[in-house]
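Structure first, commentary second.
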Amino acid sequence: MKKGIILLMLGCFSISMFGQKTAHVTVQVTQPKQQISKHVYGHFAEHLGRCIYDGFWVDPNLPVEKQGRIRMDIVKALRDIDIPNLRWPGGCYADEYQWIDGVGKPEDRPVTINSHWGGVTEDNSFGTHEFLELCELLGCDPYISANVGSGTPEQMRDWIEYLNFAGESTLAKQRAANGHPEPYGVSFWGIGNESWGCGGNMTPEFYSDQYRLFQTYARDYSGNRIRKIACGPNGADYNWMEVCMKNIRSMWGISLHHYTIATGNWGKKGSATTFKEDEYFGAMKSCLFMEELLQKHTAIMDRYDRQQRVGLVVDEWGIWTDVEPGTNPGFLYQQNSLRDALIAGSTLNIFNNYSHRVRMANLAQTINVLQSLVLTDKEKMLLTPTYHVFKMYKVHQDAKLLPSFVDAPKYTYGKEEIDGLNASASIDENGVVHISLVNLNPATTLATQVNLNGYNAKSVKGEVLTSKSFTDHNSFDQPNKIKATEYKDFKQKGDLIEAQLPPMSVVVFSLK
């Protein structure tokens, strides 16, 4: 054999072994696992900036469709993504909130100060009944965060009785007098929020004792079962998880908070729309750290809860950037770019794959705050790229997880590298298989083979969300710049799908 041919063969072998150009995804279609809870696709509305006021709850004179003061174009948009639950009233605000301030005639409610977020006055016109009316309009479950930091077990007990007791009591009569004779039956209750920080600066030992005290008085009334959620750790605080799992028994779930920070610097987090590849890569690296967090926290949980009865509730997640120039720094208003959509798709893929433990999650936040689904400007409303990812992924809600395995080229920046492709798959009750893929590489169209392991679909359809630049975003002048469109750049060959995934893209396949 000639020397040149040998060198060519060695070169091809080298590319095959060390410079992989094709991604391979294997989906075990015939081996469905646990159900992916719809509650993994939940959302979060805090009394912060323009999320509640000038978001869900608008001026009576604003020329948009309303029910009372609830903005209905937002309600309709959220119904369209099958929103499963909404967390309220915080966040940090929850541990200063006195529920009694938000019931009764609006004109009689006290005016208080939101000291956490901008020092603005709060007229309490949006309170318990208004929130639960919103949830009824959305068709979703309410998730209420109870005040542990500045509240008492008695106050929490009374709130639960007020909402859930069907019999004769002073609080039940007060609820009826305020317009709702039947109990609401609120099931999800967070017992404190960020108790390691804004919720009281507690140690895990002190908090776990407080939780045991408070949860004693979170009682089931009239057949309405309470699902108690403990305050879990901040990111990689594994000691907090260890102490809580060791000391607490009576809980349905325990929370975890992790925010994506592109710069790694909380003091200067970077712009939402003006950044270069270093911050794009940094954001993706921070986002994918979620998998390591889940791996290590679930390992701790497994030592104390082998039957996996306790769910992990990631009730605050998403990217946090600097606020938009000229806006109140306490309002946390940021734009939403293609980068954010890729973060959403990647994070939801991770949640799906850890659905044996992750039973609920809540993106922060729904409107006009952090990684929003919706932005508003007076009567104008736009849906962000993140919203469109949730719409694409709603097919996974309550479907059964299909194990998937990814072997793909890394995305390298400088001396660092991360996984360039991530995926998850499920099969719904009608037998439709859904596969979601995210290509994070900003410059490479990724040739991808999806092996269905013997499953031959009669039809395959695809959707894609992408754009030319990772800084692209929807604006009030161009509200539809980024949205999902039909995806056709693939071929089906038996149980194999050969696809060309665009740079920075989210692709969802539906197979029947």
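Just so it is clear, none of the values below were taken in a lab; they were calculated from the coordinates. Being a predicted model, the structure only gives us computed values, none of them experimental. For neighbour counting, all protein chains shown are included, and Cβ atoms are generated from backbone atoms with ideal geometry for every residue, glycine included.
Convert each backbone phi in the range 341-349 into a coupling constant with the Karplus relation 6.51 cos²θ - 1.76 cosθ + 1.60 (shift: θ = phi - 60°), then list the ³J(HN,Hα) values in order as whole Hz, x for Gly and Pro.
Each residue of the range 341-349 in turn: 5, 5, 5, 4, x, 5, 5, 5, 4 Hz.
Helix 128-138: angle to the longest alpha-carbon principal axis of the chain, degrees 0 to 90, nearest 10?
40
Could you give the distance between the Cα centres of the range 436-512 and the range 159-235, to the whole Å?
Going from one Cα centre to the other spans 43 Å.
What is the set of long-range amide H partners of Gly90 at a cut-off below 5 Å, with H atoms built 1.01 Å from backbone N?
Amide H to amide H, under 5 Å and 5 or more residues apart or across chains, Gly90 pairs with Ser145.
Across the range 83-92, in residue order, what do the Karplus-derived ³J(HN,Hα) couplings come to in whole Hz, using 6.51 cos²θ - 1.76 cosθ + 1.60 with θ = phi - 60° and x for Gly and Pro?
Along the range 83-92, the couplings run 3, x, 7, 9, 8, 6, x, x, x, 3 Hz.
Under 14 Å between alpha carbons, and skipping anything fewer than 8 positions from Lys391 in its own chain: which aspartates and glutamates qualify?
Asp80, Asp82, Glu463, Glu486
With angles folded into 0 to 90 degrees, how steeply does helix 277-304 sit against the dominant principal axis of the chain? Use alpha carbons for both and round to 10.
Long axis of 277-304 versus the principal axis of the chain: about 70 degrees.
How long is the gain from Lys21 to Tyr455 if the chain were fully straight, where each residue apart is worth 0.36 nm and the alpha carbon distance is subtracted? Before the final figure, lay out the partial values.
Details: separation 434, 0.36 × 434 = 156.24 nm, distance 2.51 nm.
Length gained between Lys21 and Tyr455: 153.7 nm.
So between Asp278 and Leu213, what do we pick up on full extension, going 0.36 nm a residue minus the alpha carbon distance?
Details: separation 65, 0.36 × 65 = 23.40 nm, distance 4.68 nm.
My answer for the length gained is 18.7 nm.
Amide H to amide H under 5 Å from Ser505: which residues, 5+ apart in sequence or cross-chain, H placed 1.01 Å off N in plane?
Asn439
Within 10 Å of each candidate Cβ there may be at most 14 other Cβ atoms; applying that plus a DSSP loop requirement, which trypsin sites (Lys or Arg not before Pro) in the range 364-446 survive?
Values: sites: Lys378, Lys380, Lys391, Lys394, Lys400, Lys410, Lys415; in loops: Lys378, Lys415.
Those satisfying the criteria are Lys378, Lys415.
What residues from the range 186-200 fall in the zone where the backbone N is under 18 Å from a label point 7 Å along the Cα-to-C-beta line of Thr112?
Within reach of a label on Thr112: 190-195, 198-200.
Near Lys105, which lysines are there with a Cα under 25 Å away, not counting those fewer than 8 places off in the same chain?
List returned: Lys66, Lys173.
When DSSP beta bridges are limited to those with both residues in the chain, what percentage is antiparallel, rounded to the nearest 5?
Numbers: 57 of 94 bridges.
DSSP beta bridges in the chain are roughly 60 percent antiparallel.
Distance from the Cα centre of the range 22-74 to that of the range 398-417, in angstrom?
Value for the Cα centre distance between the two parts: 26 Å.
Could you please state, rounded to a whole Å, how far the C-alpha centre of the range 333-389 is from the C-alpha centre of the range 94-142?
23
Once R0 is set to 22 Å, what does the formula 1/(1 + (r/R0)^6) return for the Cβ-Cβ distance between Glu182 and Arg79, expressed as a FRET efficiency to the nearest 0.05?
Details: r = 23 Å, r/R0 = 1.02.
The formula returns an efficiency of 0.45 here.
Taking DSSP loops as anything outside H, G, I, E and B, show the longest stretch in the chain free of chymotrypsin sites (Phe, Trp or Tyr not before Pro) there with at most 13 other beta carbons within 10 Å. Mind dumping the intermediate values first?
Numbers: sites that count: Trp266, Phe476.
Value returned for the longest uninterrupted segment is 1-265.
For Lys285, which lysines qualify as cross-link partners when the Cα separation must be under 20 Å and same-chain residues fewer than eight apart are set aside?
Lys268, Lys269, Lys276, Lys296, Lys410, Lys415
Could you give the length gained on full extension between Glu65 and Ser250, defined as 0.36 nm per residue of separation minus the Cα-Cα distance, in nm? Each step should come with its number before you reach the end.
Values: separation 185, 0.36 × 185 = 66.60 nm, distance 4.35 nm.
That pair, Glu65 and Ser250, stretches by 62.3 nm at full extension.
What is the set of long-range amide H partners of Val64 at a cut-off below 5 Å, with H atoms built 1.01 Å from backbone N?
Residues meeting the amide H criterion: none.
Return the sequence-ordered ³J(HN,Hα) values of the range 430-442 in whole Hz as given by the Karplus equation 6.51 cos²θ - 1.76 cosθ + 1.60 applied to θ = phi - 60°, using x for Gly and Pro.
Listing the rounded values in order: 9, x, 7, 9, 10, 10, 10, 10, 10, 9, 8, 5, x Hz.
Quick one: Kirkwood hydrodynamic radius for the range 201-357, alpha-carbon pairs, angstrom, one decimal?
Values: mean 1/r = 0.0578 Å⁻¹.
Taking the inverse mean of 1/r over all distinct Cα pairs, the range 201-357 comes out at 17.3 Å.
Mind giving me the FRET efficiency for Glu416 and Lys105? R0 is 35 Å, r the Cβ-Cβ distance, nearest 0.05 is fine. List each step's numbers first, then the result.
Working: r = 58 Å, r/R0 = 1.66.
Rounded to the nearest 0.05, the efficiency is 0.05.
For the pair Asn201 and Tyr238, what calculated FRET efficiency results from E = 1/(1 + (r/R0)^6), where r is the Cβ-Cβ distance and R0 = 22 Å, to the nearest 0.05?
Working: r = 19 Å, r/R0 = 0.87.
Approximately 0.70, to the nearest 0.05.
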